[in-house]
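What follows is calculated from the coordinates using simple rules that are stated; it is not laboratory data. Given the structure is predicted, the values throughout are model-derived calculations rather than measurements. In this analysis, Cβ positions are derived from the backbone assuming ideal geometry, glycine residues included, and neighbour counts consider all displayed protein chains.
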Amino acid sequence: MLCHDQADSDAIGAAYAVSRYIGADVGVPGAVATHAYRLMDELELEVLIAPDPSRYDNVVIVDAASPVQLKESLPDRYYFVDHHPENTLREKALGGLYDQVSSTCQLVYRLLCELKAPLDRKTGLALAAGIMTDTINFHKGDSEAFRSFGEILATCGLTYEEIQRLYVVDERKDRGAICQAALDAQKYTFNGYHVLVTTIESNIPTFAARALFDLGADVSIVGHMRGEEAEIRMYIRQELSQKYNINAAHVFKAARGMDGGGIWGYALFAGYRAKGDLKVLLPSIIEQFSTLLGDEE
Ligand SMILES: [Mn+2]
């Protein structure tokens, strides 16, 4: 089972659930996203880093939308399970399960139900965590995501809180850093939409961006410097994204000075990593919103 690079809980959860059923290794081309660490701990899952695909007879790629996300681990022959609206892996796949739903984990759940596979607590935890992540904690999602999540909780004797606990930042130091990032944030208003931008000392920019978003921002942008590398995460509210046809990842690609960096994400979330200076990069993202939404109020 091969996850996309920076594997999130949807990828890890889906890979774990299938691997548990068919008996497979789980691998990732480079690294697992920080937010999925606790899930891996709970699952006692060992994830292989940069596995050599030629050592395996069959490889199933989960939750990946493009070959770039698999780096050197991209196999010649593979199956796939995915839900992304644009998927460029499927033309070359030997076969797979593809449906543009809210998460890969609900597709795996569908599969396991059809196979009448027994669902144990850990498999339930994995699948529910994936659904929770890709619905952004149920800020969005199709009816199947909600239904499957409920069924998984019931079948596996899990509670909503047990899944949510996987994502709560419980280090006091990190919570302090998030509070400070919120207090340091700058607020820009374009056409009535609130864009919050800040930096954070701890390496948890995704959590901080999420926190600013929950605070009420229509767009939250958080930067973190890790040595010479600039990390940036951004969330966009769905209503804004739809009304102006804004794709978070495309905003990063179009921003001045960001085209050379690693960019990932989709309509409502984007991540960025490259050598750079946040004092240059963050204003150029703000500039994009000014272009898209009109002058600052
Ligand atoms: Mn996904």
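Rounded to the nearest 20 debye, the dipole size of the chain about its Cα centre is 60 debye, using +1 on the Cβ of Lys and Arg and -1 on the Cβ of Asp and Glu.
In vacuo Debye scattering of region 172-293, one point per C-alpha: log10 I(q)/I(0) at q = 0.14, 0.20 Å⁻¹? Calculated log10 I(q)/I(0) at the listed q: -0.50, -1.06.
Set the bar at 31 Å for Cα to Cα. Now go through Lys173/Lys279; Lys92/Lys275; Lys122/Lys187 and name every pair that lies beyond it.
In this structure, Lys92/Lys275; Lys122/Lys187 exceed 31 Å between Cα atoms.
Our note on the geometry: Cα centres of region 176-197 and region 231-275, 17 Å apart. Charge tally for Gly130 (other residues, Cβ to Cβ under 11 Å; Lys, Arg +1; Asp, Glu -1): -4. Using a cut-off of 12 Å between beta-carbons, work out the net charge of the residues near Leu119 (Lys and Arg +1, Asp and Glu -1, Leu119 not included). Net local charge, Leu119 excluded: +2.
Rg(Cα) of region 5-141 divided by 2.2 N^0.38 Å?
Working: Rg = 13.7 Å, N = 137, 2.2 N^0.38 = 14.3 Å.
With N residues counted in region 5-141, Rg over 2.2 N^0.38 Å equals 0.96.
Listed by Cβ neighbour count within 10 Å, with the fewest neighbours leading, Cys105, Cys3 appear as Cys3, Cys105.
Only helical DSSP H runs with n ≥ 4 go in: add -39500 (n - 2.57) per run for the chain, normalise by residue count and round the 222 nm mean residue ellipticity to 500 deg cm²/dmol. Each step should come with its number before you reach the end.
Values: 11 runs with 118 residues, N = 297.
Calculated mean residue ellipticity at 222 nm is -12000 deg cm²/dmol.
Each part gets one Cα centre, and for region 10-42 versus region 121-174 those centres are 15 Å apart.
Give me the angle, in degrees from 0 to 90, between the Cα long axis of helix 278-293 and the longest principal axis of the Cα atoms of the chain, rounded to the nearest 10. Its long axis makes an angle of about 90 degrees. What does the charge count near Ala93 come to, summing +1 for each Lys or Arg and -1 for each Asp or Glu among other residues with Cβ under 12 Å from its Cβ? Taking every other residue near Ala93 into account, the sum is 0. P(r) tail for the chain: Cα pairs beyond 32 Å make up 26% of the total.
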